[in-house]
Amino acid sequence: MQELFERSDHNPLITVKNLPYQANTVFNAGIADLGNEVLALVRVESSSGRSHLICARSPDGIDWKFEDRALLHSEQGFDYEANGVEDCRLTWMDDLDAWGITYTAYSDQGPCVAIAITKDFKTTERLGVVYPPDNKNAVLFPRKFGDMYAMLHRPSVGGGSVWISYSPDLVYWGKPQVVLRVRGGPWWDGVRVGAGLPPIETEAGWLLIYHGVKYAAGDPIYRLGAALLDLKDPHRLIGRTHRWLLSPQEPYERMGDAPNVVFATGGFVRDGRLWVYYGAADSYICLATAELASIVEFTLNSPT
């Protein structure tokens, strides 16, 4: 079967050489389609080994220019970010008229889920840690369900599955349920799974692009798949791809600080086509696109 995703001929789009300062590597990026430009909130690992998040802007989603300073980084007064901030997702929140930023606050106790709000990507309001260690891969849904916000996240201990939780205020979260389980065994997503892009609302359900991990000869391989969640009850899984949709194949995906990794944390839909920005080998940021309808149809019709 032909691949549903097509890699950009311009890959890799962003490397550490694009930064205006010395750093070790770039990982992945949260993405915001602002209409007249695309913004990427890029995870950068500095020479100290800690990560920060810095904005880059592009008129076409291909060529990028970085801003001069980080938007979120370890700073005095935020103890739970002492070891850096990592792996953000950006969700437009209609009721707030602002962007919700979910990210990993890397504390000295381990990785936590944290949330911040921004209207302009110049300043942020940190809401703080909302889930203690070990928890990561958090992403907000773009609208409320009744009077409750919803968020996907992945506890790093236990089964390695994606959970969903609900909140009245983005600070206090409860009603946790497992929504996407690891398959176990030899499956491509048998070891652990994690949410990628913010869920995309379609007529068939909420489309979730997620990563799955399998070990081969002792080393992890990160691939991308898709799932569909019920529109009204997003804790209910209604479809899931039985095979991966994007796997490390190109040299820039197979060789780097973490070989054999494709790890998506941002994207958008434009003219019926899904743009997925993904980290490759923890060293590059790349782009792949696919027809949204084709991804939804394949996810719905995959055997379970």
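Here, each number is a calculation from the coordinates, and none is a lab measurement. Bear in mind that the values here come from a model prediction, so they are computed numbers and not experimental data. Note: ideal-geometry Cβ built from the backbone for every residue, glycine included; neighbour counts use all protein chains shown.
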Ranked packing of 100-112, 227-239, most packed first, by mean Cβ within 10 Å: 100-112, 227-239
Part-to-part distance (alpha-carbon centres) for region 243-290 and region 1-36, which is given in Å: 8
Rounded Å value of the spacing that divides the Cα centres of region 205-230 and region 115-175: 20
Unit charges on C-beta of K, R, D, E only; dipole of region 83-224, Debye: 440
Cα-centre dipole for the chain with unit charges at Cβ (Lys and Arg positive, Asp and Glu negative), debye to 20: 700
DSSP-assigned coil residues among trypsin sites (Lys or Arg not before Pro) in region 51-111, each with at most 12 further Cβ atoms within 10 Å: Arg69
Burial ordering of His242, His211, fewest other beta-carbon atoms within 10 Å first: His242, His211
Residue-averaged [θ]222 nm for the chain, counting only DSSP H segments that reach four residues, each worth -39500 (n - 2.57): -1000 deg cm²/dmol
